[in-house]
Amino acid sequence: MKPYLGITGEISVGQPIVYESDALDKPYGVVFEDDGRTGYFYARDYNLSDVPFVDALHIYSVKGVLDSDTPSTLRIIWSHDWSKSALLLNDMPHAIFDFESKVGYSKDSFPEPDPRSAWRRESWKPDLKNSFYKKSGHPFG
């Protein structure tokens, strides 16, 4: 069983762009933004109308991307219960938000969440794919 596709598109690292995707059955949303210097993945909880983003995960700094002149495919996917969202670049996962547990996962775990947000970081684990794919062996993780 495959995850739900929120959005797909193309990015050129360092070229400003924004992609947004909202959960179908839950009050959650995510945003990927490249502002020309960095790429970030943001989490939204629409129940908290006074807080635009409940968490943010650093994806890359443009200066650190070796193949920044090559366009990349971006996909935002959602788990079957619409409680988790993942950012994939060139089919490789870079970040996951678990809205029910209020956990952000990324390979560099930066920045720390705002302590007032009740969100936290946990270590990246290959079995995170199980929230999105029901069959093992999928190239995710």
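Derivation of every value follows stated rules applied to the coordinates shown; laboratory data play no part. These numbers were taken from a predicted model, which means no experiment stands behind them. Heads up, the Cβs are rebuilt from the backbone with ideal geometry, glycines too, and the neighbour counts pull from every protein chain shown.
Neighbours of D69 by Cβ distance under 15 Å: Lys/Arg scored +1, Asp/Glu scored -1, total -2. As a rough guide to protection, the peptides 1-8, 50-57, 92-99 ranked by mean Cβ packing within 10 Å, highest first, stand as 92-99, 50-57, 1-8. For the chain, the dipole from Cβ point charges (+1 on Lys and Arg, -1 on Asp and Glu) about the Cα centre works out to 480 debye, to the nearest 20.
Gain on full extension, evaluated as 0.36 nm per residue between T38 and D81 minus their Cα-Cα distance, stands at 12.5 nm. Using C-alpha pairs below 8 Å separated by at least 6 residues, the relative contact order for the stretch 17-114 is 21 percent. Ranked by the mean number of other Cβ atoms within 10 Å of their residues, highest first, the peptides 63-75, 35-47 come out as 35-47, 63-75.
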